[in-house]
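**Student:** Okay, here's the structure, questions in a sec.
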Amino acid sequence: MFENLIESQPKRQRSIGGTATSLILHVVLIFGAVKATQGAAEVVQGIIQDSTSFLIAPPPPPPPPPPETPPPDAIVSANPPPQGFQTLVPPKDLPTEIPPVNLNEKFDAADFSGRGVEGGIATGVVGGTGPVLDNIVTSETFTSDQVDDPVQPLTGPSPVYPETMRAVGIDGTVRLRFVVGTNGRVESGSISVVSSTNKAFEPAAIKAIRDWTFKPAKMRGQAVRQLVEQNIRFSLTG
């Protein structure tokens, strides 16, 4: 019995030694596995980091070449450039006779006044197609150099002297522009002030000119409207 007990002790000691050896071996294996796993993870992480790619945009295409500029058109001047000094050659055949003068022909100033066409005369030409004067009279306004007989003033009241100007003894002049109709009266809506020495005189001058009467202008014997400029003077000395 004791022999069995004594003999069993070495077996227990061997069993404890084997267990320790196995434990150490497992620890080494686990440690190696952990290291291997960490190394693999670092390799994978390095691969992942190294696999990052950068997309670089391709360079833009070169701009198209500019279109060819067509050659400028030749500019031809309508007027040729002035020429230099030239020698004038006298004509070969010089007229030696003076054209005959018709002493019976009379000069009529009416032929050179008013409006008309080349070759016309004041009284008109038989078969002419020019405009009828009656149609012009009602629409057109003429100036003194266009009519045969310009406007002539007949009657008109003197303007009322402004009291403010009279009190300080100031004289003045107002120049008015207006149209005298075919009836010899001033067309009220046509009156305008051309100039004045003092604006205080203007209302009195306009009021006075409205009551003036004129001999109407005439063209070819017919009354026409005429544009007139008239000075209205204000004087305390007469």
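Each reported figure results from applying straightforward, stated rules to the coordinates on display, with no laboratory input. None of the values given here were measured: they were computed from a predicted structure. Positions of Cβ are generated from backbone atoms using ideal geometry, with glycine treated the same way; all protein chains shown enter the neighbour counts.
**Student:** In what sequence do V180, V160, V89, V186 fall when counting other Cβ within 10 Å, fewest first?
**Tutor:** V89, V160, V186, V180
**Student:** Then there is this: With bins 10 Å wide starting at 0, give me the P(r) of region 141-234 over every alpha carbon pair, in whole percents.
**Tutor:** With a bin width of 10 Å, the distribution comes to 18, 45, 26, 10, 2.
**Student:** Let me ask something additional. Given +1 on the Cβ of Lys and Arg, -1 on the Cβ of Asp and Glu, and no further charges, what dipole in debye does region 131-238 carry about its Cα centre, rounded to the nearest 20?
**Tutor:** 200 debye
**Student:** Could you sort 192-199, 60-67 so that the peptide with the highest average Cβ count within 10 Å comes first and the rest follow in order?
**Tutor:** Highest mean packing first, the order is 192-199, 60-67.
**Student:** Using the Karplus curve 6.51 cos²θ - 1.76 cosθ + 1.60 with θ = phi - 60°, what ³J(HN,Hα) values do you get for each residue of region 204-212, in whole Hz, with x for Gly and Pro?
**Tutor:** With the stated coefficients, region 204-212 comes to 5, 5, 5, 5, 5, 5, 5, 9, 6 Hz.
**Student:** Under a point spin-label approximation (7 Å from Cα along Cα-to-Cβ), what is the T182-L227 distance to one decimal in nm?
**Tutor:** In this crude label model, T182 to L227 measures out at 2.0 nm.
**Student:** Say each of T237 and Q152 gets a label point 7 Å from the Cα, pointing the same way as Cα to Cβ; how far apart are those two points in nm?
**Tutor:** It works out to 3.1 nm between the two label points.
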